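I have placed the structure first, in the form of structure tokens, so that the comments after it can refer back to it.
Throughout, read-outs are computed from the coordinates displayed, never taken from laboratory work. Nothing here was measured: the structure is a model prediction, and the numbers come from that model. Quick reminder, even Gly has a Cβ in these numbers, built from the backbone with ideal geometry, and neighbours come from all protein chains shown.
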Amino acid sequence: MADGKLLTFVKGLTVLLEQHASEEVIFTQGKKLLENLISVDDWLPNEFAQPHPQYYQQYLLYADPFDRFSILSFVWGPGQKTPVHNHTVWGMIGQLRGQEKGTLYYQQADGSYKPGSPTICSPGHVDTVSPNTHDIHEVANNHQDQTSISIHVYGGNMVKVERAVFDPITGSEKVFISGYANRLVPNLWSQSQ
Ligand code: FE
């Protein structure tokens, strides 16, 4: 039996990271693997696609046992958005369903943060973040009337990575660590995933 899509992605990225791939290679070859994963929206189990009426949801799909990477589904209800935040590790964001609006923020001389022009991500598109180049952003559901879902892949296990949210006006930072909404992760050996 052929591997399911999520398992195929996990295997591909594991092989790449086993070779100590540079960020440049991750953002080309790894990005291609993620583009394959999100090219057809037929594999994400429903329990990891559920929006919350008030908050965007993060479901853990897989975490590498050596904390080299983790895979999450982010589910945005209508109009929901993140605060301005960073990641401190590389990240790839693949749009699976709906549309998201990503806006990079740049620190100014007075300490405040100013937004760049937003990018609209449609299904099949992969965006990146990196502490080396562009790490501070805000993400919003671009739809006011439907759920949007993206698959996030980070260069670490995000429940262990300390990062920050920013007040763009004052520039003040607040440290946080992500949590996951699910207790169980997908069955990688299910042929439907
Ligand atoms: Fe982010």
**Q.** Gain on full stretching of the segment that runs from Val40 to Ser112 - 0.36 nm per residue minus C-alpha separation
**A.** 21.9 nm
Q. Highest GNM mean-square fluctuation, the chain, Cα pairs closer than 10 Å: which of Gly124, Gly12, Gly171?
A. Gly171
**Q.** Calculated FRET value between Lys174 and Gln54, using beta carbons and R₀ = 22 Å, to 0.05
**A.** 0.65
Q: Give a quick list of chymotrypsin sites (Phe, Trp or Tyr not before Pro) in region 5-82 that DSSP marks as loop, anything other than H, G, I, E or B, with at most 15 other Cβ atoms within 10 Å.
A: Tyr55, Phe66
Q: Obtain the nm distance between the two label points defined at Val165 and Phe66 by a simple spin-label model: each point lies 7 Å from its Cα along the Cα-to-C-beta direction.
A: 3.4
Q: Over every pair of different alpha-carbon atoms in the chain, take the mean of 1/r and invert it; report that Kirkwood radius in Å.
A: 17.0
(Q) Using alpha carbons only, how many angstrom separate the centre of region 134-185 from the centre of region 16-35? (A) 21
**Q.** Helix 5-18 vs. the chain, principal-axis angle (Cα, 0 to 90°, nearest 10)
**A.** 70
Q) For the pair Lys11 and Thr28, how long in nm is the line joining their label points, each one 7 Å along Cα→Cβ? A) 2.5
Q: With 28 Å as the limit, write out which pairs from Lys31/Lys81; Lys31/Lys174; Lys5/Lys101; Lys11/Lys101; Lys81/Lys160 have Cα-Cα distances beyond it, or answer none.
A: Lys31/Lys174; Lys11/Lys101
Q | Förster-model FRET efficiency, 35 Å R0, Asp145 and Ala21, C-beta, rounded to 0.05 | A | 0.30
